[in-house]
Amino acid sequence: MASPTYDIAILGSGPVGCALALGLASAAPDPARIALMGPEPTPRPPGQTIDPRALALNHGSRRFLETLGAWPERSADILTVHVSQAGHLGRTLIDQAELGVPRLGCVTAYDDLLDTLHAAVRRTGITLLTERPPRPLAGSPVQLRLAQGPCTARLALLSDGAQPVGLRREYGQHAVLATVHAAAPVPGRAFERFTRTGPLALLPHPAGDALYSLVWCVPPDRAQALCGLTDTTFDAALQAAFGQRLGRLRRMDAAHAFPLSLHAGPSLPGPGLVAVGNAAQTLHPVAGQGLNLGLRDAAQLVQALQPWLATPDTPIQPLLEQHARRRRADRTLTLAVTDTLPRIFATANPLARHACGLGLAALDLLPALRKPLARHLLQGQRR
């Protein structure tokens, strides 16, 4: 019996892999020749959370997901972002009206987004292989060994799992996640506060106007200690780090900690292979750019592959190389911003910390400085 052969195998069924599958299916003459490999979401009762992450998706990512028919029902708008530095003067405010968009972005639950994406994928006719993706053997075609037997693909798209090569950095930080209730909420406002231990973000929560999603970056031992605190002690520590802008803060659920690191590998790791999303890069969560960058990878790869999907006998390598070149500037700038900000604001040098405060003040006073950065965080580079 001959081994199955696919035009495209997508290795990873997370948000970026599903978005890729949806985009490619809309352009493919036969979606069944596209295989999406990876487990489906774990079934859960209504209202129950399995993954505690809240995702900040910018305006460009929302528009992309809407075109795919995969925007979740529940989300919270981000209309303004307040950026400050603990212990220093200077802050900046980024506003959607200044940028001429209905919202800067939205916050949605990871579980809700993944459920919505998988439901949309199941309607496309794509071949679903719900086992953990194998390590591909690069070539023409790409060789894939599955539990149910070997198969081949003319092109394999890696969307999950960091590659063993490329730039790596350990930040010595964990992100502590929790849901927080604020006594004096500011509807539609997200907060990014830089502290000596790392950035602390409070994001509007899709479950209610008085709720916020906390992302608090601290050293690993501090993260472990915070997760073990009682609600009262945790609340006091959070209040001391964030301040009084939202009134009294109260934790509403258990805290979870995730290690933080940077990885940036090649977009084209081998013959017949393309890396996007977490397979291409993982970022520090400051400014919430990781998934947004991965979705831009997916959107532009769909555009790059459309001519080949229409006429699959044409050479594909020139299209892939052109895609990698087009993605280089966006990846480089986003990596630089998210790698530099948490390290420079956490410096122990008092002069550097004062300079950071002055920088925030300058951004607030000078739109010519603020708008280019805000627009990149809003939608990245999509050309």
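The values are calculated or read from the model by the stated rules, or taken from the named source; none is laboratory data. Keep in mind that what you see is a predicted model, and the values were worked out from it rather than measured. Positions of Cβ are backbone-derived with ideal geometry, glycine not excepted, and every protein chain shown enters the neighbour counts.
Brief remarks follow.
- Pairs, first surrounded by 17 or more Cβ atoms within 10 Å (Cβ to Cβ) in segment 161-173, second assigned to a strand (DSSP E or B) and hydrophobic (A, V, I, L, M, F, W, C), C-beta under 6 Å, six or more apart: Tyr171/Leu260; Gln173/Cys217; Gln173/Leu260
- Residues satisfying the stated conditions in segment 277-328, i.e. more than 24 Å from Arg343 (Cβ to Cβ), assigned to a helix (DSSP H, G or I) and polar (S, T, N, Q): Gln300, Gln303, Gln306, Gln317, Gln322
- Residues considered: Ala324, Ala361, Ala355. Of these, the only one that is surrounded by fewer than 20 Cβ atoms within 10 Å (Cβ to Cβ), at pLDDT 85 or above and among the aliphatic types (A, V, I, L, M) is Ala324.
- Matching residues, segment 267-286, being more than 18 Å from the chain's Cα centre (by Cα) and among the small types (Gly, Ala, Ser): Gly270, Gly272
- Test for Ala237: is it of a type in the set (A, V, I, L, M), farther than 20 Å from Arg169 by Cβ and more than 25 Å from the chain's Cα centre (by Cα): yes
- Some residue of segment 140-150 being polar (S, T, N, Q), in contact (Cβ under 8 Å) with a residue 40 or more places away in the chain, in contact with a Lys or Arg (Cβ under 8 Å, 6 or more places away or on another chain) and within 30 Å of Pro271 (Cα to Cα): yes
- Meets criteria (touching a Leu at 6+ places or on another chain (Cβ under 7 Å), farther than 26 Å from Gln85 by Cα and either modelled with pLDDT under 95 or aliphatic (A, V, I, L, M) (or both)) for Leu214: no
- Filter result for the condition that a residue is surrounded by 22 or more Cβ atoms within 10 Å (Cβ to Cβ), modelled with pLDDT under 95 and of a type in the set (A, V, I, L, M, F, W, C), over Leu262, Leu273, Leu283: Leu283
- Once segment 211-257 is narrowed to residues that are of a type in the set (Gly, Ala, Ser) and in a helix (DSSP H, G or I), the residue that is surrounded by the most Cβ atoms within 10 Å (Cβ to Cβ) is Ala223.
- Strands (runs of 3 or more DSSP E) contained entirely in segment 12-83, each with at least 2 residues that are modelled with pLDDT of 95 or more and over 28 Å from Ala255 (Cβ atoms): 34-37
- Within segment 306-321, the only residue that satisfies the criterion of being within 30 Å of His284 (Cβ to Cβ) and buried (at least 16 other Cβ atoms within 10 Å of the Cβ) is Leu320.
- Boolean, Pro43 is without any contact (Cβ under 8 Å) to a residue 12 or more places away in the chain, out of contact with any Lys or Arg (no Cβ under 7 Å at 6 or more places or on another chain) and over 15 Å from Thr124 (Cα atoms): yes
- One residue from Leu177, Leu89, Leu157 being closer than 30 Å to Asp7 by Cα and either at pLDDT 95 or above or in a loop (DSSP other than H, G, I, E, B) (or both): Leu157
- Pairs with Cβ under 7 Å, 6+ apart, first in segment 102-128 and part of a helix (DSSP H, G or I), second surrounded by fewer than 22 Cβ atoms within 10 Å (Cβ to Cβ) and hydroxyl-bearing (Ser, Thr, Tyr): Asp111/Thr49
- Residue within segment 182-193 that is under 20 Å from Gly272 (Cα atoms) and part of a loop (DSSP other than H, G, I, E, B) present: no
- Residue list for segment 219-245, filter: over 15 Å from Val180 (Cβ atoms) and aliphatic (A, V, I, L, M): Ala223, Ala225
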